[in-house]
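Structure record follows, encoded as structure tokens.
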Amino acid sequence: DWGTHVQSWEAFDLGPRLVMRYEDFLLDALTSFSSLVAFLGWEHDEAAIIAAVDAVSFDRLKKTEEEDGFIEAPPNRAFFRCGVSAGWRDHPQQDQFRRIEDAYGPIMAKYGYT
């Protein structure tokens, strides 16, 4: 689950880390990806970053999944659903999300999800 996933990588001290949220990419993909490239110390130019951002756009990934599948998709469900920030808030099963918030509220708050 999401909370266990986050706690697992928080627990390891592997040196510097950069936490990047999908929501940050939605707001400004070019700046977010540029920050990642700089953090990794990679040589880059703006054209290469623009091409990389385009290659992993939500629409492109969703289309690729529809045409060719996606290995990480759960059985009989799409991995790439709607690609919007906080889309879970509009989901009809709000009781399920309240349980998630109850279980992982502090972690969600730490990363700006509440």
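The values are calculated or read from the model by the stated rules, or taken from the named source; none is laboratory data. Quantities reported herein were computed from a predicted structural model and do not represent experimental measurements. Note that we place each Cβ from the backbone using ideal geometry, even for glycine, and neighbour counts take in every protein chain shown. Side chains are part of the model used for accessible areas, which takes the heavy atoms of the whole protein and leaves out ligands, DNA and RNA. Shrake-Rupley method; radii C 1.70, N 1.55, O 1.52, S 1.80 Å.
Quick one: accessible surface of Leu18, probe radius 1.4 Å, all protein chains present, in square angstrom to the nearest 10. That residue has around 70 Å² of solvent-accessible surface.
Ignoring ligands, DNA and RNA, what accessible area per residue does segment 38-114 give at 1.4 Å, in Å²? Before the final figure, lay out each step's value.
Numbers: 6020 Å² over 77 residues.
Roughly 78 Å² per residue, with all protein chains present.
The relative contact order of the chain, computed from alpha carbon pairs under 8 Å that lie at least 6 residues apart in sequence, is 19 percent.
In terms of its C-alpha gyration tensor, the chain has an oblate overall shape, because the principal axis ratio a/c (a ≥ b ≥ c, square roots of the eigenvalues) is not below 1.5 and a/b does not outweigh b/c.
Taking the Cα centre of segment 55-114 as origin, sum charge times position over the Cβ atoms of Lys and Arg (+1) and Asp and Glu (-1), and report the length of that vector in debye to the nearest 20.
On the way: 9 positive and 10 negative charges, 41 e Å.
So the dipole magnitude of segment 55-114 works out to roughly 200 debye.
Centroid-to-centroid, using Cα positions, segment 69-114 and segment 1-31 are 15 Å apart.
Taking trypsin sites (Lys or Arg not before Pro) as exposed when their DSSP state is a loop state and no more than 12 other Cβ atoms lie within 10 Å, the longest site-free interval of the chain runs over 18-76.
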